[in-house]
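One structure is given below, encoded as structure tokens.
Throughout, read-outs are computed from the coordinates displayed, never taken from laboratory work. None of the values given here were measured: they were computed from a predicted structure. Backbone-built Cβ (ideal geometry, glycine too); neighbour counts: all protein chains shown.
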Amino acid sequence: MQTLSIQVQDSYMQQFMNFVHNSHSNIIIAKDKNLEHDPYFYEREKKLHQIRNDVKNGNMRLLSQEESDSEIELFFKELEK
């Protein structure tokens with residue numbers, strides 16, 4: 001079985017639900033709370049896990065708050081030039 005995310009036009013919703021009802025042995029509908037709050041939840045989750053792995057593996061450096069602030073200040077000074 002495969003999982004898909006779909007969007008249905010409001011005006012077509014009843015016809016779509018009729019189709020699902022008629023195909024109930026092949027289709028299961030379940031609402032995903034994560035996608036209700038954030039349509040890009042799983043893409044963001046995947047990216048976050050990749051960032052965490054990169055930090056753990058040493059492929060990406062995690063800055064302290066002070067280092068981050070300093071980098072941002074330097075960036076804005078470069079923009080002003």
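Between Met1 and Phe41, how high is the FRET efficiency from 1/(1 + (r/R0)^6) when r is the Cβ-Cβ distance and R₀ = 25 Å? Nearest 0.05.
Details: r = 21 Å, r/R0 = 0.83.
The value I calculate is 0.75.
Please find the FRET efficiency linking Leu62 to Asn34, where r is the Cβ-Cβ separation and R0 is fixed at 25 Å, and quote it to the nearest 0.05.
Details: r = 26 Å, r/R0 = 1.02.
Computed FRET efficiency for Leu62 and Asn34 comes out at 0.45.
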Extension gain (nm, one decimal) between Gln15 and Phe75, 0.36 nm per residue minus Cα-Cα: 16.2 nm
- prompt: Residues with amide H under 5 Å of Met60's amide H, sequence separation 5 or more or different chain, H placed in the peptide plane at 1.01 Å from N; which?
  reply: Val55
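If the convex hull of the alpha-carbon atoms of the chain is projected onto planes in all directions, what is the mean projected area in square nanometres? Intermediate results must be reported in sequence, preceding the final value.
Numbers: hull surface 41.5 nm².
It is 10.4 nm².
Among all lysine pairs in the chain that are eight or more places apart or on different chains, how many have alpha carbons less than 26 angstrom apart?
Working: Lys31/Lys46; Lys31/Lys47; Lys33/Lys46; Lys33/Lys47; Lys46/Lys56; Lys47/Lys56.
Pairs that pass both the separation and distance tests number 6.
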query: Expressed as an acute angle from 0 to 90° and rounded to the nearest 10, what is the orientation of the C-alpha long axis of helix 13-22 relative to the principal long axis of the chain?
result: 60
